[in-house]
Amino acid sequence: MEAPTLDRTSVPRITPWFDLRTLKVDAREGFLVSRIDGYTTLGDLATMTGSTLDDVVRIAQRLAVELAIF
């Protein structure tokens, strides 16, 4: 699957049926996943987590390809 186009205004949502325990993520990525609430933009997530927008978008794109978020 091709990575979706995401930007600072994208609002990720956790895929309801996806088992997040199966994700192989590091601590920073896991913290980002824990902040995804379906309302907060990637730009705001970057600010909240202290990550760069580029890192947040890269992580979100990978999670989208794995179908963990949509």
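The values are calculated or read from the model by the stated rules, or taken from the named source; none is laboratory data. Fair warning: this is a prediction, and the values are worked out from it, not measured in the lab. When we count neighbours, we look across all protein chains shown, and the Cβ atoms used for this are built from the backbone with ideal geometry, even at glycine. Accessible surface is based on the protein model in full, side chains and every heavy atom, while ligands, DNA and RNA are left aside. Shrake-Rupley method; radii C 1.70, N 1.55, O 1.52, S 1.80 Å.
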Open item on the list: Expected output is a single nm value to one decimal: the length gained when fully extending between VAL65 and ASP37, i.e. 0.36 nm times separation in residues minus the C-alpha distance. What is it?
Closed with: 8.2 nm
Open item on the list: For a quick check, take a GNM of the chain with Cα springs below 10 Å and name the residue from VAL57, VAL25, VAL11 with the largest mean-square fluctuation.
Closed with: VAL25
Task: Within the accessible area of the chain (1.4 Å probe), percent carbon and sulfur - done: 56 percent
Task: Longest exposed-site-free window of the chain, the sites being trypsin sites (Lys or Arg not before Pro) in a DSSP loop that have at most 16 other C-beta atoms within 10 Å - done: 25-70
Task: Additional length obtainable on full extension of the chain from ALA27 to ASP55, 0.36 nm per residue less Cα span - done: 8.7 nm
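Please compute the length gained on full extension between ILE14 and THR47, using 0.36 nm multiplied by the number of residues separating them and subtracting their Cα-Cα distance.
On the way: separation 33, 0.36 × 33 = 11.88 nm, distance 1.93 nm.
Using 0.36 nm per residue and subtracting the Cα-Cα distance, I get 9.9 nm.
Could you work out the relative contact order of the range 1-53? I mean the mean sequence separation of Cα pairs under 8 Å and 6+ apart, divided by the number of residues, in percent.
Details: 41 pairs, mean separation 25.6, N = 53.
Relative contact order comes out at 48 percent.
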Open item on the list: Based on alpha-carbon atoms only, what is the radius of gyration of the chain relative to the globular estimate 2.2 N^0.38 Å?
Closed with: 0.97
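Taking only protein heavy atoms and a 1.4 Å probe, what accessible area per residue, in Å², does the range 31-70 have with all protein chains in place?
Numbers: 2030 Å² over 40 residues.
Computed with neighbouring chains in place, this is 51 Å² per residue.
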Task: Computed magnitude of the charge dipole of the chain (debye, nearest 20; Cβ of K, R +1, Cβ of D, E -1) - done: 120 debye
Task: Value at 222 nm in deg cm²/dmol, rounded to 500, when DSSP H runs of n ≥ 4 in the chain each add -39,500 (n - 2.57) - done: -12500 deg cm²/dmol
